[in-house]
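The values are calculated or read from the model by the stated rules, or taken from the named source; none is laboratory data. All values reported here derive from a predicted model rather than from experimental measurement. Because the Cβ atoms are built from the backbone with ideal geometry, glycine has one as well, and the counts that use them run over all protein chains shown. Note: accessible area is taken over every heavy atom of the protein model, side chains too, but ligands, DNA and RNA are not part of it. Shrake-Rupley method; radii C 1.70, N 1.55, O 1.52, S 1.80 Å.
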Amino acid sequence: MILSIHQPSYFPWLGLLHKVANSDVYLVMDEVQLTDSACQHRNLFLSADGKAKHLTIPFNRKNYLRRPFKDLEIIDQSWRVSHLNFIKNGYRKHQYYDEIFPILDDFFACEYPLLIDAVMASMRISLSLFDVKTQLVYQSNMDYDKTLRRGDLVVSLVRATGASCYLSGTGAKAYLDESLFVGELSLQYDYFVHPVYPQGNASDFISGLSCLDALFNLGIEGFS
């Protein structure tokens, strides 16, 4: 069984979806701390003038660095209207707007008490639109040593799921101790090359945006 592990992401970029799609099981890291510079609570979308801009879900920042991601509360539900309007204005002239936007309309109509509720709902929509059927499991449901960090934590989680192979992003090469993956446990890297596609009103192609950008420009069938 091939396992990938990653923090959940708000309408994730194509690289994360690629790694999940190449896994049998994806372990959602919901007990880690939120990282401000990551995409757990935000992501990049194209604005109406063709610029990349972060859309961020507001959450209760009181002691947030001491609390697991799964326990962070959303403090203001008005973000749903502002994000919806931004995406509408940014993508309404893109080729597949009429195909994709109604799905997002339903997402933003729901109220989410916790940050993970909104983020995981966005991930499930994204996985479904890209026809990724990988099984999802949660870190919080695993029996593992919670004192471990980085590479040791990864190995502990892989063993907890019973996986035989860990599929890692290439960015982890900087800290993963490959010698920990021995015997029945192997390590593979997911090499992702970002596709370049017509991007509506952007003057030069911008990579690393939310997967919604690709969907608005290429449609669901563009990735079938």
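In segment 154-178, which residues are within 20 Å of the chain's Cα centre (by Cα) and not charged (D, E, K, R)? Matches in segment 154-178: V154, L157, V158, Y166, L167, S168, G169, T170, G171, A172.
Per-residue answers, yes or no, for (1) touching a residue at least 24 places away in the same chain (Cβ under 8 Å); (2) closer than 16 Å to Q95 by Cβ; (3) among the acidic types (D, E):
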position: D143; (1), (2), (3): no, no, yes
position: L153; (1), (2), (3): no, no, no
position: S164; (1), (2), (3): yes, no, no
position: A172; (1), (2), (3): no, no, no
position: L176; (1), (2), (3): yes, no, no
position: L185; (1), (2), (3): yes, no, no
position: D190; (1), (2), (3): yes, no, yes
position: D204; (1), (2), (3): no, no, yes
position: L212; (1), (2), (3): yes, yes, no
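Among strands (runs of 3 or more DSSP E) entirely within segment 18-80, having at least 1 residues that are over 25 Å from T170 (Cα atoms) singles out 42-46, 52-56.
Tallying residues that are loosely packed, with under 15 Cβ neighbours inside 10 Å and touching a residue at least 24 places away in the same chain (Cβ under 8 Å) within segment 123-135 yields 2.
With I116, I87, I103, I57 as the choices, which residue is open to solvent by 40 Å² or more (accessible area, probe 1.4 Å) and not polar (S, T, N, Q)?
One residue alone meets the criteria, I103.
Restricting N43, N60 to those that are in contact with a Phe, Trp or Tyr (Cβ under 6 Å, 6 or more places away or on another chain) and of a type in the set (S, T, N, Q) reduces the list to N43.
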